[in-house]
Amino acid sequence: MINRFKIYLPGNAPNSVRENTRALSRLTGWQICDKIQWIRATMPELSERTLDESDCAFFEYLDDKLILRLELDDAPQQLSFDLVEGEVGLRAERANKSNEILARAIGCKPHYRPDVIDATAGMGRDSLIMASLGCNVVMQERNPAIFQLLNNALDRFQSQSKIAARLSLHPLDCCKGEFAAEASEVFYLDPMFPQRKKSALVKKEMRLFKRLAGDDLDSDQLLRAALAKASNRVVVKRPKGAPFLADKSPSHQVVSKKFRYDVYLV
């Protein structure tokens, strides 16, 4: 898990990038670095790195998109979030009660869409689908780096889709008793879990995300906190075969080919 971050500002960056970079530095306290530090971190073949630099990830703005450069398998990689492009954008466009089992899990009905707190927002993709279904979704993300990547994706999304009006994002941690609302009909949880074995099927993007986020070792506590606040149900997304959180059996399950939703009615 990476805990140290810096922000790279190219010398020839346009004013908009300079303003965004400085604003992010003021907000987070992360240091703005020079080109030599950035080269050492992102292009190790050109310069010997210090131990201090090998354990640090670097943010950078490319126009209005925030990207994070970090290392995976001794090679430089980059990570950014997007709510419009690619598979997630197509899925959101087509999302409806009939073709999304997530709609069943959170309790959508023909003339009813619940309000949802997504307490583990991550890349924001499941929140996007729930908002596309018609739900008002409050996203909470406690990891500061993930929060900034998702906040940037949401900012860009707001100028491209009306669905963005049903999404909000807060840097809060349910396990610390931090909630954006006093109560919600549905709490949605998708905690990271320790990987039991390596798999070639795990996408590089998810491996990068996991390196950034680490494991949610307090997932049991997260479930208990959500059950205390939800007025209708808590929905937990789990891989097939994974144990129940807190050894607590759900009221029922909604199962797909690769994962399942454990539904706890309250």
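The values are calculated or read from the model by the stated rules, or taken from the named source; none is laboratory data. Every value quoted in this text rests on a predicted model; they were computed, and no experiment measured them. As a convention, Cβ positions derive from the backbone with ideal geometry for all residues, glycine included, and neighbour counts pool all protein chains shown.
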Odd one out for ALA246 among (1) of a type in the set (A, V, I, L, M, F, W, C); (2) in contact with a helix residue (DSSP H, G or I) (Cβ under 9 Å, 6 or more places away or on another chain); (3) at negative phi: (3)
Selection count, the stretch 220-246, where residues are in contact with a Leu (Cβ under 8 Å, 6 or more places away or on another chain), within 13 Å of ASP118 (Cβ to Cβ) and of a type in the set (A, V, I, L, M): 5
Qualifying residue in the stretch 146-163 (condition: assigned to a loop (DSSP other than H, G, I, E, B) and either modelled with pLDDT of 95 or more or under 15 Å from LEU27 (Cβ atoms) (or both)): no
Residue that is farthest from the chain's Cα centre (by Cα), among those in the stretch 203-235 that are closer than 12 Å to PHE193 by Cα and buried (at least 18 other Cβ atoms within 10 Å of the Cβ): SER219
Answer from ARG125, ARG94, ARG142, ARG166 - the residue that is within 25 Å of ARG26 (Cβ to Cβ) and free of Cβ contacts under 8 Å to residues at least 60 places away in the same chain: ARG142
Residue among LEU217, LEU227, LEU222 that alone is part of a loop (DSSP other than H, G, I, E, B) and not basic (Lys, Arg): LEU217
Residues of the stretch 245-266 that turn out to be in contact with a Pro (Cβ under 7 Å, 6 or more places away or on another chain) and at pLDDT 95 or above, as a count: 3
Positions within the stretch 181-228 being more than 25 Å from ARG69 (Cβ to Cβ), modelled with pLDDT of 85 or more and out of contact with any strand residue (DSSP E or B) (no Cβ under 9 Å at 6 or more places or on another chain), in sequence order: LEU217, ASP218, ASP220, GLN221, ARG224, ALA228
The listed residue being in the same structural domain as ARG224 (by TED's automatic domain parsing), modelled with pLDDT of 90 or more, in a helix (DSSP H, G or I) and farther than 24 Å from GLU60 by Cα, out of CYS135, CYS175: CYS175
Pairs with Cβ under 7 Å, 6+ apart, first in the stretch 1-26 and farther than 12 Å from PHE59 by Cβ and at pLDDT 90 or above, second in a loop (DSSP other than H, G, I, E, B) and not acidic (Asp, Glu): ARG18/LEU9
Evaluation of VAL255 against (1) over 30 Å from TYR61 (Cβ atoms); (2) under 18 Å from the mean Cα position of the chain (by Cα); (3) hydrophobic (A, V, I, L, M, F, W, C) (one fails), failing number: (2)
